[in-house]
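Report on one structure; see the data block that follows.
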Amino acid sequence: MLKCIDTTLLLAATDTTHPLQARAAKYLKACAAEPWVSCVCYASLLKWSEQITSSEFCEAPLKASTVQAAIEAMLKRREPLILYGDENIIKRALKLVDKHQSLKDHLHEAHVAATALAHGVNTIVTVDSAPFIAVRELTVENPFETLFA
């Protein structure tokens, strides 16, 4: 069963100042060790690239060339599978925003959910469960939730 890795988990794993960095990186490494377990939406890669290179989102932003090298390395491997979208996914994302209050100000998350569902992926792995929780078609996993309970 494929699990879609959300932007928040990518950011936590690669932002050296994030409090969950070591655990998130270990989690992603474990996912990569098992074939056909993880996928990531193209939109998440784009948003992650924007955030990890910006001092607005992280204290120690990466250089664009470092991010480019990471994405190129990812594209050479089979894992994670990258899920691409189209205009139907955007329409589905907007319907999710209209339907679920938790997605009202979270179009990116709605797009991730719509992309995953369009590709038959029913599990989202994230550091922030709140936007996704109302989408009944999805199973939402937060590997760190027990840390905050």
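The values are calculated or read from the model by the stated rules, or taken from the named source; none is laboratory data. All figures in this text were calculated on a predicted structure; none of them were measured in a lab. Counting neighbours? That spans all protein chains shown, and the Cβs are built from the backbone with ideal geometry, glycine included.
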Residue under evaluation Gly120, criteria (1) on the phi < 0 side of the Ramachandran plot; (2) modelled with pLDDT of 95 or more, criterion not met: (1)
Among the helices (runs of 4 or more DSSP H) confined wholly to the stretch 1-76, which include 3 or more residues that are under 17 Å from the mean Cα position of the chain (by Cα) and surrounded by fewer than 19 Cβ atoms within 10 Å (Cβ to Cβ)? 21-33, 42-52, 64-76
Those residues of the stretch 80-105 which are in a loop (DSSP other than H, G, I, E, B) and surrounded by fewer than 16 Cβ atoms within 10 Å (Cβ to Cβ), in sequence order: Tyr84, Asp86, Lys104, Asp105
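Quick check, is Val112 among the aliphatic types (A, V, I, L, M), closer than 21 Å to Trp48 by Cα and crowded, with 17+ Cβ neighbours inside 10 Å?
Numbers: among the aliphatic types (A, V, I, L, M): yes; closer than 21 Å to Trp48 by Cα: yes; crowded, with 17+ Cβ neighbours inside 10 Å: yes.
For Val112, the condition - among the aliphatic types (A, V, I, L, M), closer than 21 Å to Trp48 by Cα and crowded, with 17+ Cβ neighbours inside 10 Å - is met.
How many of the residues making up the stretch 122-137 are among the hydrophobic types (A, V, I, L, M, F, W, C) and more than 17 Å from Lys99 (Cα to Cα)? If you could, list the steps in order and put the result at the bottom.
Of the residues in the stretch 122-137, the ones among the hydrophobic types (A, V, I, L, M, F, W, C) are 124-125, 127, 130, 132-135.
Next, only the ones that are more than 17 Å from Lys99 (Cα to Cα) stay: 124-125, 127.
So the count comes out to 3.
Are any residues in the stretch 6-23 in contact with a helix residue (DSSP H, G or I) (Cβ under 7 Å, 6 or more places away or on another chain) and either of a type in the set (Lys, Arg) or farther than 24 Å from Gly85 by Cβ (or both), and if so, which ones? Quick ask: steps written out before the conclusion?
So in the stretch 6-23, the residues in contact with a helix residue (DSSP H, G or I) (Cβ under 7 Å, 6 or more places away or on another chain) come out as 6-7, 9-15, 18, 20-21.
Scanning the stretch 6-23 gives Asp15, His18, Leu20, Gln21.
Report, by residue number, each residue of the stretch 106-133 that is assigned to a helix (DSSP H, G or I) and of a type in the set (Asp, Glu).
First, the residues of the stretch 106-133 that are assigned to a helix (DSSP H, G or I): 107-118.
Matches in the stretch 106-133: Glu109 only.
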